[in-house]
1. Give the Cα extents of the stretch A:82-247 along the principal axes, in whole Å, largest first.
2. So, counting K/R as plus one and D/E as minus one, what does the shell of residues with Cβ under 10 Å around residue B:131 add up to?
3. Would you grab the residues whose amide H sits under 5 Å from the one on residue B:84? Only those 5+ places off in sequence or on another chain, please, with H modelled 1.01 Å from N.
4. Going Cα to Cα from residue A:20, which aspartates and glutamates come in below 13 Å? Please leave out same-chain ones fewer than 8 positions away.
5. Please list log₁₀ I(q)/I(0) at q = 0.24 Å⁻¹ for the stretch B:15-77, using the Debye equation with identical point scatterers on the alpha-carbon positions.
6. Hey, fewest Cβ within 10 Å first, where do B:182, A:166, B:91 land in order?
7. Find how many whole Å separate the alpha carbon centroid of the stretch A:158-187 from the alpha carbon centroid of the stretch A:101-133.
8. Averaged across the residues of A:82-88, what count of C-beta atoms belonging to other chains lies within 10 Å of each residue's C-beta?
Number of protein chains: 2
Amino acid sequence: MGVGTTQLETAPEPKYWHLKTVLSEALDSEFSVGEILPNERDLAARFGVARATLRQALEQLELEGRLQRRRGVGTTVAPPRVGVAVDPARHTWPGATGDDWQPVDAVRTDRVPAAVARLLETAPGDVVHVVRRNRVSVGRPVAAELLYVPSEVLPGDAESTTGPAHAHAVLAELQTLELDGHDRTVELGSARAEDARLLDRLPGAPVLVVTTRYVSGGRTAAVAVSTYRADTCRLTFGESETEPLLAG
Amino acid sequence: MGVGTTQLETAPEPKYWHLKTVLSEALDSEFSVGEILPNERDLAARFGVARATLRQALEQLELEGRLQRRRGVGTTVAPPRVGVAVDPARHTWPGATGDDWQPVDAVRTDRVPAAVARLLETAPGDVVHVVRRNRVSVGRPVAAELLYVPSEVLPGDAESTTGPAHAHAVLAELQTLELDGHDRTVELGSARAEDARLLDRLPGAPVLVVTTRYVSGGRTAAVAVSTYRADTCRLTFGESETEPLLAG
DNA sequence: CAGTGGTCTAGACCACAGA
DNA sequence: CTGTGGTCTAGACCACTGG
């Protein structure tokens, strides 16, 4: 290489990108999980950048699950992401004994999101039961779910029409059906206000949206839309049922 | 409720959040896929907010796959996310005939990321083949992958040690082994500089990182780290092999 | 070249947690 | 109350695309 050409071709690296790298290495070597970082104003001053630039780096690190920020409290070093099993080896309905979800309540409605209606193949006006469930892992809420079940597919409509009792009733009736199979999609989304509150995050926080379609008797009998915290969760899909391995 | 209490308990909604809602509805009703939006300065002026605030709303919409922004060009309405099958019904090694990946090249190295070394159970200094592969869907690059295969597990070390020929050689040797099973994790990440370039995105762009562990003969024989564009992709995991359904 | 989105600054005020 | 992160502003300049 010629004299002075050392840095040619290198587009100037954005400050926030460089900052992120520096911070990331500092987190590895100089901080331990749970430790609290200096506040944003101090950090920005220390690195000689505007607070907005420093925040851009912190946002990336939070997205990657390295940091956790809480208003009024501070920025702390996040623990490694927790592995959350999404694909139970057993092919069972939601609500089968031993799954990791706790039903909260349920309602009947004839208004479901268009995307869900398309999967359920329901017409406008069809009554659908919506069961809300939460999932907790190691003491922290990790996911919120809305489970949609068309009234048609349930053998006998439960007496209750709302509340926790109705949630249990809908789940119980599902178990009586034969499950032919299911498939799933995973995509990135941002938390709706309601889910954000349950997940202890601000609205718009990044989430992994898992959509599961349950098939019974040749039709889509239920659709579950599960919203996982993207910062703290690593979804695991296991086929080797003997060992946890990647789930650790 | 008493007079004047109508709005109590409502924390003021952030402007960017409200903006996002308004824009989202406008996208549904007044714009079609591929259409180009007014530029950021005009949009900000139209809504009476600073450009930074407008950008915060646009960023969210891009994260959700509603918009696509390109420097020097403009902001366009994104097509619906493309469904990408991650879980082939067939349990096969990467590189089996008919998979959707095209090998690019491969190298031998004794330096692999710590997380990968842990999965492979390799010691520092062990030689590992690293195969780079790309995945294209409907003409667009959707994923980049690094496939790590310890030299030990390959029956005969190929003659070539680098380049496209070596990539094919490593993949071919994998097919001769018996595959016991595999498991996967999915998590949110940000694109490294190299992957970002391949995916036609800026560094740090949100990606879905799929880590697949292939087991053969009681040990982890290979690990694939696949990086999917989170803005344009919806990962599909199918078990009902008869129909595409959710993949559409 | 002109126009776009991407980066960055130096402030300000607000919402929230905890003492 | 103080201190934290969250929101917002009104600028500026840079990097890239396309004609």
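What follows draws every value from the coordinates through simple rules; no lab data is involved. Model, not experiment: these values are computed from the prediction. Every residue, glycine among them, receives a Cβ derived from its backbone with ideal geometry; neighbour counts consider all protein chains shown.
1. Cα spread of the stretch A:82-247 along its principal axes, largest to smallest: 41, 38, 28 Å.
2. On the way: positive: B:132, B:133; negative: B:105, B:145.
After counting each charged neighbour, the total is 0.
3. Here the answer is B:234, B:235, B:236, since their amide H atoms fall under 5 Å of that of residue B:84.
4. Within the straight-line cut-off, residue A:20 pairs with A:28, A:59, A:62, A:64.
5. The computed values of log10 I(q)/I(0) come out as -1.07.
6. Details: B:182 25, A:166 21, B:91 13.
The most exposed by this proxy come first: B:91, A:166, B:182.
7. Taking the Cα centre of each part, the stretch A:101-133 and the stretch A:158-187 sit 11 Å apart.
8. 2
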